[in-house]
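The values are calculated or read from the model by the stated rules, or taken from the named source; none is laboratory data. Please read these numbers as outputs of a predicted model, since none were measured by experiment. As a convention, Cβ positions derive from the backbone with ideal geometry for all residues, glycine included, and neighbour counts pool all protein chains shown. Ligands, DNA and RNA are excluded from the accessible area calculation, which covers all protein heavy atoms including side chains. Shrake-Rupley method; radii C 1.70, N 1.55, O 1.52, S 1.80 Å.
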2 protein chains.
Amino acid sequence: MNQDFLREAIRLSVEGMEAGEGGPFGAIVVRNGKIVGRGWNRVTSTNDPTAHAEIVAIRDACGNLNTFSLAGCEIYTSCEPCPMCFAAIYWARLERIYYAATGADAQAAGFDDCRFSHELALPPASRSISMVRGLEEEAREAFQAWMRKADRIAY
Amino acid sequence: MNQDFLREAIRLSVEGMEAGEGGPFGAIVVRNGKIVGRGWNRVTSTNDPTAHAEIVAIRDACGNLNTFSLAGCEIYTSCEPCPMCFAAIYWARLERIYYAATGADAQAAGFDDCRFSHELALPPASRSISMVRGLEEEAREAFQAWMRKADRIAY
């Protein structure tokens, strides 16, 4: 671990919070020892509940590198990723997570990270958001069209 | 369930795919029987691995309604949400999910939804992305500053 990178993620968490951008969370994406993306929580200032530090940093890095895959990169984040950000890190193909505070620390400061982790671990029928299914066959046709699409770009 | 809304989500999934925007996924956000946000997968066309249909629809709805909370709204999506989108739906405070295809359908079409769900269900030490922790105390100071911040906006 490069502690300077983790310290930079923590610095962004404080800077963003003090600027009124959102909660106290910061993250950076690193490739070959160089910072290629930065993010801090911007949920309340941009009216975007998905604008967590890790998501913002991933989007910034992808924009800077002009790619949708961050394979070969690592993420440093001031706090253990919530389930949304954790799955985003998988989708971005990041290879390692360095973090400082835990989801329990975030929960103690009033954030729902642990509650949502717990929800996601439940069978869908036991979760607090109800899920209703329909039109299965019509939706499957879209996947069949995708599989037939000669110029599809996998991700 | 309003089948017309679910059909609109499926229609967006096909339209976006055919336009070369990304994978075959569409979603809409509905409030009081009216569509307030639309999204389709834009991962490959915008170089954003987080641009799944549900995330795009949530961001669109929040922009249109000028809020970071979609409490009182529902989401219709062409496919069962992946873990990233499911957690985003929690963070957005959406109240119900209507969906058509399943994560297994998506997996059969080459998408990693189920693999990532499985990963998230594992204890962190057993996951394929390694997690390394450090600087706990420095990060906790940011949360303490948040708790002291008189004008903080919770989300």
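Key figures
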{"read-out": "Segments classed as helices (runs of 4 or more DSSP H), wholly inside region A:1-73, with at least 1 members that are at the interface with chain B (Cβ under 8 Å from one of its Cβ atoms) and within 18 Å of A:Glu95 (Cα to Cα)", "value": "A:3-18, A:53-65"}
{"read-out": "Members of region B:74-84 found to be surrounded by fewer than 24 Cβ atoms within 10 Å (Cβ to Cβ) and assigned to a loop (DSSP other than H, G, I, E, B), listed by number", "value": "B:Glu80"}
{"read-out": "Residue match in region A:43-56 (condition: open to solvent by 50 Å² or more (accessible area, probe 1.4 Å) and either modelled with pLDDT under 95 or touching a Ser or Thr at 6+ places or on another chain (Cβ under 6 Å) (or both))", "value": "no"}
{"read-out": "Boolean, B:Ser13 is under 27 Å from A:Asn66 (Cα atoms), among the polar types (S, T, N, Q) and touching a residue at least 60 places away in the same chain (Cβ under 8 Å)", "value": "yes"}
{"read-out": "Subset of region A:136-155 (residues that are at the interface with chain B (Cβ under 7 Å from one of its Cβ atoms) and either surrounded by 15 or more Cβ atoms within 10 Å (Cβ to Cβ) or in a helix (DSSP H, G or I) (or both))", "value": "A:Glu136, A:Glu138, A:Ala139, A:Arg140, A:Ala142, A:Phe143, A:Ala145, A:Trp146, A:Met147, A:Tyr155"}
{"read-out": "Which listed residue, of B:Glu15, B:Glu8, is over 29 Å from A:Gly37 (Cβ atoms) and open to solvent by 50 Å² or more (accessible area, probe 1.4 Å)", "value": "B:Glu15"}
{"read-out": "From the options A:Arg127, A:Arg133, residue that is open to solvent by 20 Å² or more (accessible area, probe 1.4 Å), facing another protein chain (nearest Cβ under 8 Å), of a type outside the set (Asp, Glu) and free of Cβ contacts under 8 Å to residues at least 24 places away in the same chain", "value": "A:Arg133"}
{"read-out": "Selection from region B:85-105 of residues that are in a helix (DSSP H, G or I) and within 7 Å of another protein chain (Cβ to nearest Cβ)", "value": "B:Phe86, B:Ala87, B:Ala88, B:Ile89, B:Tyr90, B:Trp91, B:Asp105"}
